[in-house]
1. When only DSSP loop residues count, what trypsin sites (Lys or Arg not before Pro) in region 506-608 have their Cβ near at most 10 other Cβ atoms within 10 Å?
2. Give the separation of the Cα centroids, region 505-537 to region 342-418, in Å.
3. If one takes the longest principal axis of the Cα atoms in the chain, at what angle in degrees, from 0 to 90 and to the nearest 10, does the Cα axis of helix 586-601 lie?
4. Quick one: what are the phi-derived ³J(HN,Hα) couplings along region 222-235, Karplus 6.51/-1.76/1.60 with θ = phi - 60°, whole Hz, x for glycine and proline?
5. Quick one: 3J(HN,Hα) in Hz for region 208-220, Karplus 6.51/-1.76/1.60 with θ = phi - 60°, rounded, Gly and Pro as x.
6. Working only with C-alpha atoms, what are the Rg and Dmax values of region 203-347, expressed in angstrom?
7. Give the angle, between 0 and 90 degrees and rounded to the nearest 10, that separates the Cα long axis of helix 321-336 from the longest principal axis of the Cα atoms of the chain.
8. How many percent of Cα pairs in region 539-756 exceed 28 Å?
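Read-outs throughout are calculated quantities, based only on the coordinates presented, and are distinct from any laboratory measurement. Note that the structure is predicted; figures quoted are calculated from it, not measured. Methodologically, a virtual Cβ is constructed for each residue, glycine included, from the backbone with ideal geometry; neighbour enumeration extends over all protein chains shown.
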Amino acid sequence: MITLHDGGAFLLNGTELVTDEKEQQAKVNVSKEDAKKNTIAYGILTAHNKSGNDSKLNIKFDKLTSHDITFVGIIQTARASGLTKFPVPYVLTNCHNSLCAVGGTINEDDHVFGLSCAKRYGGVYVPPHMAVIHQFAREMLATGGGMILGSDSHTRYGALGTMAMGEGGPELVKQLLSQTYDINMPEVIAVYMKGEPAKGVGPQDVALAIIGAVFKNGFVKNKVMEFVGPGVKNLSADFRIGVDVMTTETTCLSSIWQTDEKIKEFYEIHKRAEDYKELKPGAVTYYDGVVEIDLSKVKPMIALPFHPSNTYTIEELNENPEDILADCEKRAKVSFGDKVEFNLRNKIRDGKLFVDQGIIAGCAGGGFENICAAADILSGASIGSNEFTLSVYPASMPVYMELIKNGCAAKILETGAVFKTAFCGPCFGAGDTPANGQLSIRHSTRNFPNREGSKIQNGQIASVALMDARSIAATAANQGRLTPATDVPEKIGQYKYFFDKTIYDRRVFDSKGVADETVEVKFGPNIKDWPAMAALPENMLLKVVSEIHDPVTTTDELIPSGETSSYRSNPLGLAEFTLSRKDPEYVGRAKEVQKAEKALEAGEDPVAAYPEIADAIKAVKAFDGSVNEKNLGIGSTIFAVKPGDGSAREQAASCQKVLGGWANIANEYATKRYRSNLINWGMLPFVIKEGALPFKNLDYIFLPGIRTEVKDKAEKIKAYAVGKDGKMTEFELTLGQLTDTETEIILDGCLINYNRR
């Protein structure tokens, strides 16, 4: 099904893949360096690069997009840094924080804020329930050869010929202030497709097969995935979009696809024919690696809890549910321990696996073709009157309207299923939260722990498995018995899509890029400014206030999603939830340490404010006589093996910062965007080699001369674990490569301070 070639390969004329080195020497007379320039990715990146150096990129994006969990913080940061006008089109969608039952009027206050900012600074405002962020971008923003930056991690429009990236809010702030996105030229990995999917196999099946093959080994981490090969032409535009959006779960940097008549038709359907551009690799193109996939061999897939890479074919799960689910329970115990009883094998009845809920939603599942296929499979069926439920969320109102017009909505509603408006809630725990102990199957993007709304600290645990809409429908038709859609392929027909943007014309506010400085920004009482943040001190004393040894720590564990969304616009209010589902003691510990730092900043005695720190400060002063209250900073840090997988939400870092966090220490960072968020909030992204840690939770770490070492871009950072007896144990940290701008941001204490200076 999938073969990985990690030695690099040439692609000839877009069709012939040459991976063998001897064959390459015989067939290719172009150097690898020159052939690398023939990738689609290279052409787009260099066209948007302002540095004049194609290995060190300073990217200016064409357009920006955010949703209502992130745009308030972004605009507030930009306002604090001198924003007067949006310099490029900036679209503010409202698809996350729009369930107003959570947080009362707080969420709607954010929407009013967003509309007033779109008017004042010259942006676009998409009201709640109108479209999820990525569907609106596909329909209205994507352009062939363009680049879009979004503050949601699933910002991926490569299937339409747009290289899009999901990053934390501070990277959008930089673009709003006419600064650049600075990266080294990334490696490009070919996703070479051949064959044609079987009927009943959908885009989520292909996506999960790829994720399962490349996530754990980091094959495409921080690289660009470029989809090429003869199999691409066998996929519809909607199918490609469904695969493309899930590339985020591979931890790649971005994605891009070759384009053709089917993508041209997509733009024509959406009345934007002029935005299409044919994209294809050169006659001789070199890739740094290849993911080779035979589409004809892909079977309906399922990603079991608690990660999209925990993949099996539905067929193999149905053949051996006891052993596979027992293994899943064993893995979950690593994260949950004995805090909660987690049981999946109780879903097996008479040798068959039954699930409790089905969801087809959002940027991955809510597309036109997915829902039409589900409607055909469900036609004439009943989902039953027991616990099993099915909810369908079309990704935009234009999609919803067409499903009503062509009768597919009626087919689904007749089964007992429920249609809902465009909303991302099921993807992050703010909609259709399952009951305790339930298993939900979803065509959405993620199935991380707690993401569906579980509260482990309250003894509540539910779980999500990812599947394609087609197999979810087949399962629903069997009232919850896990069923692959290939069991009913003859039921799936084809429908032509007719896009009607009348509802956008009548409801979406579009400033056409014209700012109106007479408009006052409207603030609800929940919208607060960022607190003042200090510059990096010369010396630093850190207390470890959380220690996490899970193989991966997601951003949802660092700052939970779901009902906490109500506080996204209040930095201090939201910070109260930091690590609340993973380490409920974290907030209290961090705030205690912060008392000492605040005392230092006020010129007062830190020991009087936080007596517990007395021995550590005494040990530090005894070790280094130059340390005093004027050149010492005090803060907190966490250790996690591999933090930052998942969402681009900057709050995963900023919440630690406003609680006095000055660093993370990790064996590695799961994504570039989380590391960038740490840096932009002035936090030190330390890396420590795997092995025995020289410190443990609640220990202190002393960093002498840290400001000078950051300024000098020291390759190795000398650190000391402070023992209870005052003994100082030396160990080594690294910061990785920092750009000049990143270095200055850390020295200044955060991006806001950097821009003010």
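1. Numbers: sites: Arg506, Arg507, Lys512, Lys522, Lys528, Lys543, Arg568, Arg581, Lys582, Arg589, Lys591, Lys595, Lys598; in loops: Lys512, Lys522, Lys528, Arg568, Arg581, Lys582.
Filter output for region 506-608: Lys512.
2. Value for the Cα centre distance between the two parts: 38 Å.
3. Result, in degrees: 40.
4. Each residue's phi maps through the Karplus curve to give 6, 10, 9, 8, 10, 8, 9, x, x, x, 4, 5, 8, 10 Hz.
5. Whole-Hz 3J(HN,Hα) from phi for region 208-220: 5, 4, 5, 4, x, 7, 10, 5, 5, 8, x, 4, 10.
6. In order Rg, Dmax, the Cα atoms of region 203-347 give 18.6, 58 Å.
7. 20 degrees
8. On the way: 5359 of 23653 pairs.
Within region 539-756, distances greater than 28 Å cover 23 percent of Cα pairs.
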